[in-house]
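Q: Below you'll find the structure I mean.
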Amino acid sequence: MLEKEIAGFGASGRNGGWCSALFPRSTASLERKHGRDAALAMRRAMVATVDEVGRASADAGIDADFVKGGTIAYARSRVQLAAARAEVAEAASYGVDALELWGADRVHAAGALGAAFDPACARLHPAKLVRGLAAAVEARGAAIAEQTEVLDYRPGRVETAHGSVTCDRLVIATEGYGATLRPTHRRVLPLYSLMIATEPLPDAFWDEIGIAHGQTFADFRHLVIYGQRTADNRFAFGGRGARYHWGSAIRPEYDRVQRVFDHLRRTLGELFPVLDSARFRDAAVTHRWGGPLGVPRDWHATASYDPATRTAWAGGYVGDGLSTTNLAGRTLADLMTGTDSDLTRLPWVNHRSRSWEPEPLRFAGANAGLLATQFADIEERVTKRRSLIARVMGPLTGH
Ligand SMILES: Cc1cc2nc3c(=O)[nH]c(=O)nc-3n(C[C@H](O)[C@H](O)[C@H](O)COP(=O)(O)OP(=O)(O)OC[C@H]3O[C@@H](n4cnc5c(N)ncnc54)[C@H](O)[C@@H]3O)c2cc1C
């Protein structure tokens, strides 16, 4: 394994720790593209993968704070409640995801009229998981060359900053960073997601807002937010909203945008006003970070293998890669060993997304999309109707 920094430097070591059954393309859009049976098979594989991550990490002796408590998506307006109802009804019609509609009496976020609860989600500590996995594969004989930047590659040969490496088969797993390499430059768009963590809060606080260990939370706004209660009782809370950078550039300073950090802290207070009450308002934000995730042009992740060039590619998970990378790993293992299995028949196998546009179109499109998503939330607040902008954007973002 050739790694430019250290194993876990990328999104895998700094994500929100939602080990979820989410896939960037909705079930309905998978059905439209691949047919109902294939869409249902993909959903079943994703739901099973949540438990598989827990099983595999326990088997490898990794304590990554894995607790499966499900995820609560608050509906904080009538429009959001209608969206929650529709999501639960759609899941029921497919019969795989066991979503539940919760009434206002069961949820404690400000203004929540209800929530959609998905039991197929675990909370974990991503850096503990990825460092544990790195140690586990090394113990089984794999070599990880850290501080080894790949400069370019072609079938059977990889050029690194320290020399060439030849290989029988090649797996490309660079996700958002693929944008910095020639062969994958336009295959994924690096989209930044940023996070904050607070100091540990007392159990009484968590009881008051109704978030148990193992539970993660979000709401039905369009500009994604996501949170968890960490094992040591902190909020780890993140969201999108940082802009796309010209030429798909990735730089350390893009991980930290004060405007977004401030917005995240404000949003936490809006969701749970007790955090801003005299009792807790001094609770400090102790950590701030961010990183790039990888967005394919059609928001369709893939696990692919080309036997002719003996090259595999897995990625395009958008914000849902924690568990999906596990499914990708198992799927690539079967594809590369020529094993015909349920995994190799899943509809994302060998899917090809078209490339992103060259600049300046990519810059204009990505940032216009971001703005449109922000406007969609404003539009819903003002009109109290489901956003027209979101409806137009839906097919472009895998819905
Ligand atoms: C802030 C944030 C929050 C997120 N929250 C969640 C979440 O809660 N749940 C969820 O499911 N998903 C989440 N995601 C997405 C998820 O983390 C990713 O989809 C997943 O980790 C991708 O894994 P990966 O191994 O494919 O890529 P990465 O983990 O990004 O790994 C790519 C690796 O390639 C290395 N690399 C880059 N360039 C080179 C080079 N030239 N040579 C050698 N090595 C190179 C990098 O250093 C990096 O270690 C989040 C992402 C971010 C950024």
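Q: Identify the residue in region 157-183 that is open to solvent by 50 Å² or more (accessible area, probe 1.4 Å) and either assigned to a strand (DSSP E or B) or without any contact (Cβ under 8 Å) to a residue 12 or more places away in the chain (or both) and, among all such residues, is farthest from the ligand (Cβ to nearest atom).
A: Among those that are open to solvent by 50 Å² or more (accessible area, probe 1.4 Å) and either assigned to a strand (DSSP E or B) or without any contact (Cβ under 8 Å) to a residue 12 or more places away in the chain (or both), it is THR166.
Q: Could you please find all residues in region 58-88 being open to solvent by 60 Å² or more (accessible area, probe 1.4 Å) and in contact with a strand residue (DSSP E or B) (Cβ under 9 Å, 6 or more places away or on another chain)?
A: If the condition is that a residue be open to solvent by 60 Å² or more (accessible area, probe 1.4 Å) and in contact with a strand residue (DSSP E or B) (Cβ under 9 Å, 6 or more places away or on another chain), then PHE66, LYS68, ARG76, ARG85, GLU87 are the ones that fit.
Q: Looking at VAL50, VAL130, can you tell me which residue is within 16 Å of the ligand (Cβ to nearest atom) and open to solvent by 20 Å² or more (accessible area, probe 1.4 Å)? Talk me through it step by step, then tell me what you get.
A: Values: VAL50 fails: open to solvent by 20 Å² or more (accessible area, probe 1.4 Å).
It is VAL130.
Q: Please count how many residues of region 213-225 are under 17 Å from PHE66 (Cβ atoms) and either surrounded by fewer than 21 Cβ atoms within 10 Å (Cβ to Cβ) or near the ligand (Cβ under 10 Å from one of its atoms) (or both). Lay out the reasoning, then the answer.
A: In the first step, residues of region 213-225 are kept if they are under 17 Å from PHE66 (Cβ atoms); the result is 213-216.
When the remaining residues are screened for being either surrounded by fewer than 21 Cβ atoms within 10 Å (Cβ to Cβ) or near the ligand (Cβ under 10 Å from one of its atoms) (or both), the result is 213-214, 216.
Residues that pass the stated criteria total 3.
Q: Also, I was wondering about something else. Any residue in region 351-367 that's under 17 Å from PRO183 (Cβ atoms): show its pairings with residues that are part of a helix (DSSP H, G or I) and open to solvent by less than 60 Å² (accessible area, probe 1.4 Å) at Cβ separation under 6 Å, as long as the two are six or more apart or on different chains.
A: Matching pairs, first to second residue: TRP356/ARG362.
Q: Of these, GLY8, GLY13, GLY17, which one is in contact with a His (Cβ under 8 Å, 6 or more places away or on another chain) and within 13 Å of the ligand (Cβ to nearest atom)? Quick ask: steps written out before the conclusion?
A: Values: GLY8 fails: in contact with a His (Cβ under 8 Å, 6 or more places away or on another chain); GLY13 fails: in contact with a His (Cβ under 8 Å, 6 or more places away or on another chain).
The unique qualifying residue is GLY17.
Q: Going residue by residue through region 15-26, is there one that turns out to be touching a residue at least 24 places away in the same chain (Cβ under 8 Å), surrounded by fewer than 21 Cβ atoms within 10 Å (Cβ to Cβ) and either among the basic types (Lys, Arg) or not in a helix (DSSP H, G or I) (or both)? First the steps, then the outcome.
A: Our first condition is that a residue be touching a residue at least 24 places away in the same chain (Cβ under 8 Å); within region 15-26, this holds for 15-26.
Filter once more, so that each one left must be surrounded by fewer than 21 Cβ atoms within 10 Å (Cβ to Cβ): 26.
Those left that are additionally either among the basic types (Lys, Arg) or not in a helix (DSSP H, G or I) (or both): 26.
Yes: region 15-26 contains one or more residues that are touching a residue at least 24 places away in the same chain (Cβ under 8 Å), surrounded by fewer than 21 Cβ atoms within 10 Å (Cβ to Cβ) and either among the basic types (Lys, Arg) or not in a helix (DSSP H, G or I) (or both).
Q: Tell me which residues, restricted to region 1-14, are assigned to a loop (DSSP other than H, G, I, E, B) and among the aliphatic types (A, V, I, L, M). Lay out the reasoning, then the answer.
A: Of region 1-14, the ones assigned to a loop (DSSP other than H, G, I, E, B) are 1, 3-10, 14.
Answer for region 1-14, where residues must be assigned to a loop (DSSP other than H, G, I, E, B) and among the aliphatic types (A, V, I, L, M): MET1, ILE6, ALA7.
Q: Turning to a different aspect of this structure: Examine region 92-101 for a residue that is more than 21 Å from PRO119 (Cα to Cα) and either of a type in the set (Ser, Thr, Tyr) or open to solvent by less than 60 Å² (accessible area, probe 1.4 Å) (or both), and state whether such a residue exists. Break it down into steps so the answer makes sense when it comes.
A: Residues of region 92-101 that are more than 21 Å from PRO119 (Cα to Cα), as a first pass: none.
No: region 92-101 contains no residue that is more than 21 Å from PRO119 (Cα to Cα) and either of a type in the set (Ser, Thr, Tyr) or open to solvent by less than 60 Å² (accessible area, probe 1.4 Å) (or both).
Q: Another question about this same structure. Checking GLY35 against (1) open to solvent by less than 30 Å² (accessible area, probe 1.4 Å); (2) within 14 Å of the ligand (Cβ to nearest atom); (3) of a type outside the set (D, E, K, R): exactly one of these is not met. Which one?
A: All conditions are met except number (2).
Q: So, of the residues in region 1-33 that are among the charged types (D, E, K, R) and farther than 18 Å from ALA120 by Cα, which turns out to be nearest to the chain's Cα centre (by Cα)?
A: Looking only at region 1-33, we keep the residues that are among the charged types (D, E, K, R), and these are 3-5, 14, 25, 31-33.
Those still in the list that are farther than 18 Å from ALA120 by Cα too: 3-5, 14, 31-33.
Numbers: GLU3: 21, LYS4: 22, GLU5: 21, ARG14: 11, GLU31: 21, ARG32: 23, LYS33: 22 Å.
In this case the residue turns out to be ARG14.
Q: Output the number of residues of region 360-382 satisfying the condition of being open to solvent by less than 30 Å² (accessible area, probe 1.4 Å) and of a type in the set (A, V, I, L, M).
A: Final tally of qualifying residues: 4.
Q: Related question: How many residues does region 184-212 contain that are touching a residue at least 24 places away in the same chain (Cβ under 8 Å), among the aliphatic types (A, V, I, L, M) and more than 12 Å from the ligand (Cβ to nearest atom)?
A: Final tally of qualifying residues: 5.
Q: Separate question: Condition first: farther than 30 Å from THR174 by Cα and aliphatic (A, V, I, L, M). Can you find one or more residues in region 196-207 that meet it?
A: Yes.
Q: Right, another one. Of all the strands (runs of 3 or more DSSP E) wholly in region 74-144, which have at least 1 residues that are at positive phi? Steps first, please.
A: Details: elements: 100-103, 114-118, 121-123.
Correct list: 114-118.
Q: Are there any pairs with C-beta distances below 8 angstrom linking a residue in region 272-284 that is among the aromatic types (Phe, Trp, Tyr) to a residue that is surrounded by 10 or more Cβ atoms within 10 Å (Cβ to Cβ), with the two at least 6 apart or on different chains, and if so which?
A: Matching pairs, first to second residue: PHE272/HIS108; PHE272/ALA109; PHE272/ALA110; PHE272/ILE209; PHE280/LEU201; PHE280/PHE205; PHE280/VAL274.
Q: Still on this structure: Looking only at region 113-120, decide whether some residue is away from the ligand (no atom under 12 Å from the Cβ) and among the acidic types (Asp, Glu).
A: Among the residues of region 113-120, at least one is away from the ligand (no atom under 12 Å from the Cβ) and among the acidic types (Asp, Glu), which makes the answer yes.
Q: Let me ask you something else. Being within 16 Å of the ligand (Cβ to nearest atom) and open to solvent by less than 40 Å² (accessible area, probe 1.4 Å) is the filter; apply it to region 270-297 and report the residue that is farthest from ASN233 (Cα to Cα). Outline the logic, then answer.
A: Start the filter on region 270-297 by keeping residues that are within 16 Å of the ligand (Cβ to nearest atom), which leaves 285, 287-296.
Cutting the leftovers down to open to solvent by less than 40 Å² (accessible area, probe 1.4 Å) gives us 285, 290-296.
Working: VAL285: 13, GLY290: 20, GLY291: 23, PRO292: 26, LEU293: 26, GLY294: 29, VAL295: 31, PRO296: 35 Å.
Of everything passing the filter in region 270-297, PRO296 is farthest from ASN233 (Cα to Cα).
Q: What is the residue count in region 331-352 for residues that are buried (at least 18 other Cβ atoms within 10 Å of the Cβ) and within 16 Å of the ligand (Cβ to nearest atom)?
A: Qualifying residue count, region 331-352: 4.
Q: Further question on the same structure: Residues in region 46-57 that are farther than 26 Å from SER193 by Cα and touching a residue at least 60 places away in the same chain (Cβ under 8 Å): how many?
A: Matching residues across region 46-57 total 1.
The values are calculated or read from the model by the stated rules, or taken from the named source; none is laboratory data. These numbers were taken from a predicted model, which means no experiment stands behind them. With ideal geometry, Cβ positions are generated from the backbone for all residues, glycine too; neighbour counts draw on all protein chains shown. These area figures cover heavy atoms from the full protein model, side chains too; ligands, DNA and RNA do not enter into them. Shrake-Rupley method; radii C 1.70, N 1.55, O 1.52, S 1.80 Å.
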